[in-house]
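Heads up: the structure comes next, in structure tokens.
The values are calculated or read from the model by the stated rules, or taken from the named source; none is laboratory data. Quantities reported herein were computed from a predicted structural model and do not represent experimental measurements. Cβ placement follows ideal geometry from the backbone for every residue including glycine, while neighbour counts extend to all protein chains displayed.
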Amino acid sequence: MDRKTQLAAELQALCTLCDEAIPRKLRQNLIQSLSPRKFTEPEHRVVFESVCALFPRGPITAESLRIHLNNRGFPDTDVERYFQPTATRGVRPNGDGKVTR
């Protein structure tokens, strides 16, 4: 997979995790199938770690992610890009509880 495709897939996964319209169980399955090492972009890795920390606490909002990242020392992260509704287009839950593209 080339770098551009890898970065797009990483962004897609993070947008899916931040999309409250996608059932929580499906997003939990996605978290369990990934690890921080899967992310080649350092920002994506940091955002994924924050999403993992926030997920058990309830809904992930842009504000809660921004605060968490700020507290971790990443105040300039553009969290809005992970909450774009068009970013999850093409991602859908399948019948066995997994998210597919």
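None of 40, 61 is closer than 16 Å to residue 6 by Cβ and hydroxyl-bearing (Ser, Thr, Tyr) except 40.
Looking at this structure, is residue 72 at pLDDT below 95 and not polar (S, T, N, Q)?
no
Summed over the stretch 45-81, the residues that are assigned to a loop (DSSP other than H, G, I, E, B) and either surrounded by fewer than 14 Cβ atoms within 10 Å (Cβ to Cβ) or among the acidic types (Asp, Glu) (or both) give a count of 7.
Taken together, the residues in the stretch 84-101 that are outside any loop (DSSP other than H, G, I, E, B) and either at pLDDT 95 or above or among the polar types (S, T, N, Q) (or both) amount to 3. If you go through the stretch 10-44 and keep only what is surrounded by 16 or more Cβ atoms within 10 Å (Cβ to Cβ) and either of a type in the set (Lys, Arg) or without any contact (Cβ under 8 Å) to a residue 12 or more places away in the chain (or both), you end up with just 27.
Condition test on residue 77, is it of a type in the set (Val, Ile, Thr) and at pLDDT 95 or above?
Yes; evaluated as a whole, the condition is true for this residue.
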